[in-house]
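A short write-up of the structure that comes next.
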Amino acid sequence: MEANLDHAPPHTPLLNHPPRLNENGHKPSKGICVILYSIVFLLSLLALTMIKSQNHLEKLENSNTESSPFDSNISPRGLAQGVSPKSNPSLFQKVSYNWTNAMFSWQRTAFHFQPQKNWMNDPDGPLFHMGWYHLFYQYNPDSAVWGNITWGHAVSRDMIHWLYLPIAMLPNKWYDINGVWTGSATILPDGKIRMLYTGDTNQYVQVQNLAYPANLSDPLLLDWVKYAGNPILVPPPGIGSKDFRDPTTGWIGPDEKWRVAIGSKKGKTGLSLVYTTIDFINFEQNDHYLHAVPGTGMWECLDFYPVSINGSKGLDTSVNGPYVKHVLKASLDNARVDSYAIGTYFVENDTWVPDNPLKDVGIGLLLDYGRYYASKTFYDKEKERRILWGWVNETDIESDDLRKGWASLQTIPRTVSFDNKTGTNLLLWPVEEVESLRLSSDEFEGVVVKPGSVVPLNISLATQLDIFAEFEIEWLNSESIGESNIGCGRGGVADRSAFGPFGLLAIADDSLSEQTPIYFRLSNTTTFFCVDETRSSKASDVAKPIYGSKVPILSDEKLSMRVLVDHSIIESFAQGGRIVITSRIYPTEAIYGAARLFVFNNATDINIKISLKIWQLNSAFIRPFPFDQNQ
């Protein structure tokens, strides 16, 4: 369907409204207040008695399960074990919103991977084997909060439709009894698979372990064997017992030795150790770090891989040469972001140097500027591409996750390529297989949105979408002076300037009381791409930040974005994937049929002409593997 909304009436302006006192705008009278306060006091006494009784029963029922998320003396989950926080300490004191089962049900995504129930975090050891994509992941089979970390396992033909398999590895040995943590797969030239992973020992020491498939001819790789001589690596001298984790996929050098990098730190310096091996059992530590950056803290979930500067095809992890750059990525324990840099790998001494020291690991670019962490790539030999997985956790409180029975999901897998137009960054893009979910589409050509206007888009549903949008700018005042270094706006999308913000309002209700703006904001010298979650939900027990970054725009390019909407997750890609922002949102009203999509222009001195193509997306089939049927 095509539509031209040049003359569509503007909707509610994107301005903050003052809070209402009552229907007449007056304060209630003193007499009424006294009566009301008396009633409230009596009801409070009754409620307090009931709550204490209920809390006593809950403590008895949960005495062997999770502790209360509202205890301010409780540290975030994971810190004591030496990993990054797995809960939201800033929300510990928040009181749960009055969520309904319908609201919780809406939050579960339709085409993103997540377990049937309980907690999930880092993706582990992704690989392709005998026609199946395999994803392993950190999983708590017992609860919707972090702990008892095992390896969950699922397979897919296309990385969209998934089949759950039995747990791959349990924490059942002294060297991983406190957690089978993050690891990576290396596929040897003869097809054998070597899985290195971090185990948390019975003494809470981080060690590296080896596992391999019991039956390599099994396409599902159901059974895994832990090497009898584990651990194969322990923290070296000078490295803390809780600062040694997350081995990478191996790469082989000209000396026929394999290299593996492991994340660590010394003081406040984040660093990557390098080990060499010929058999993945006996390792030798290199004299040099692969790389280190002062002030960046612990590096975890390392990734190291080559990218071609002459094309979009991915490269095997061991490829090196004159037309190759290497990406070093670290998940920063302190900052909780995935930072990367592009540079040159020197195989002679296994060191890496960034192209731009001002954009080094931890101080430069991010893979995703939103809610995103612990990412991992693998080389898909079948389609000659590098695929990126990333974990997206919840931003609500633990008691809500326990009620709904699940927490966290993975992003849609993304292809990774070098941006040969800018020469300074990666391009990240949803895998082409997500397009198989497309159903009907709507097209809107040349929608003119004037300053201060919001225009609704007439589409059937707005909860599962794939949106392409291009923006053209019409300058209304040639003498306008834009602000410099304006960023995403101190007040987010409500902060007006001459040249922005403008973009989309996703998962919004008719009154715009709930909305998630995805937008551009221009200044004199730069363009910013942002997502404002501050009004994404009326609930107070969820985090609602503003995310964003500068995005390079070349002179011959239009402003463009692609947005994947899937219930409580929104993945936004600017300029072909130069900047990506992942958002988690928890609306209370803009759900099911009440969710809407709008375009808006909150600039003061420009008109915006927007062209869009919007697909409705089907749900993916994600379910247990049908072992009782033929494969």
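What to note about this one:
- Since only L504, M130, M195 are under comparison, the one whose Cα sits farthest along the positive direction of the charge dipole of the chain, derived from C-beta charges on Lys, Arg, Asp and Glu, is L504.
- Distribution of pairwise C-alpha distances over segment 343-476, 10 Å bins, in %: 8, 23, 30, 26, 11, 2
- Unit charges at the beta carbon, dipole of the chain: most positive-side option, I278, V337, Y204: Y204
- Loop-located trypsin sites (Lys or Arg not before Pro) in segment 270-336 (DSSP state other than H, G, I, E, B) with a sparse environment of at most 15 neighbouring Cβ atoms within 10 Å: K313, R336.
- The accessible area of E394, taken with all protein chains in place and a 1.4 Å probe, comes to roughly 10 Å².
- Rolling a 1.4 Å probe over the protein chains gives L612 an accessible area of about 10 Å².
- For volume of the Cα convex hull per residue in Å³, calculated from these coordinates, the label among [x] 190; [y] 180; [z] 228: [y]
- Folded to 0 to 90 degrees: helix 30-61 orientation relative to the chain principal axis, Cα: 20 degrees
- Along each principal axis, taking the top coordinate minus the bottom one, the Cα set of segment 95-185 gives 44, 35, 18 Å in descending order.
- Chain lengthening between S312 and K173 when straightened (0.36 nm per residue, less Cα-Cα): 45.8 nm
- Paramagnetic label zone (point 7 Å from Cα along Cα-to-C-beta, L188; backbone N under 20 Å) in segment 276-294: 276-285
- Selection from A110, T604, W224 lying farthest towards where the dipole of the chain points positive, charges on Cβ: T604
- For segment 439-617, averaging the sequence separation of C-alpha pairs within contact (under 8 Å, six or more residues apart) and dividing by the residue count gives a relative contact order of 41 percent.
- Accessible solvent surface per residue of the chain, calculated while the other protein chains remain in place, 1.4 angstrom probe, Å²: 42 Å²
- Surface composition of the chain: carbon plus sulfur atoms hold 53% of the accessible area, using a 1.4 angstrom probe and ignoring ligands, DNA and RNA.
- Label-reachable residues, segment 391-434, where backbone N falls under 17 Å from a point 7 Å from A335's Cα toward its Cβ: 425-426
- Rounded accessible area of E384 (nearest 10 Å², 1.4 Å probe): 80 Å²
- Distance from segment 597-631 to segment 543-570 (C-alpha centre basis), Å: 14 Å
- Ranked order, V95, V448 - accessible area, probe 1.4 Å, largest first: V95, V448
- The C-alpha atoms of segment 439-617 occupy a region whose extents along the principal axes are 45, 36, 29 Å, arranged from largest to smallest.
- When each of K117/K381; K383/K550; K94/K538; K266/K329 is checked by Cα-Cα distance, pairs over 21 Å: K117/K381; K383/K550
- Listed residues D176, D556 arranged by accessible area, highest first, probe 1.4 Å: D556, D176
The values are calculated or read from the model by the stated rules, or taken from the named source; none is laboratory data. If you're wondering where the values come from, they're calculated on a predicted model, not measured in any experiment. Backbone-built Cβ (ideal geometry, glycine too); neighbour counts: all protein chains shown. Just the protein is used for accessible areas: all its heavy atoms, side chains included, with ligands, DNA and RNA removed. Shrake-Rupley method; radii C 1.70, N 1.55, O 1.52, S 1.80 Å.
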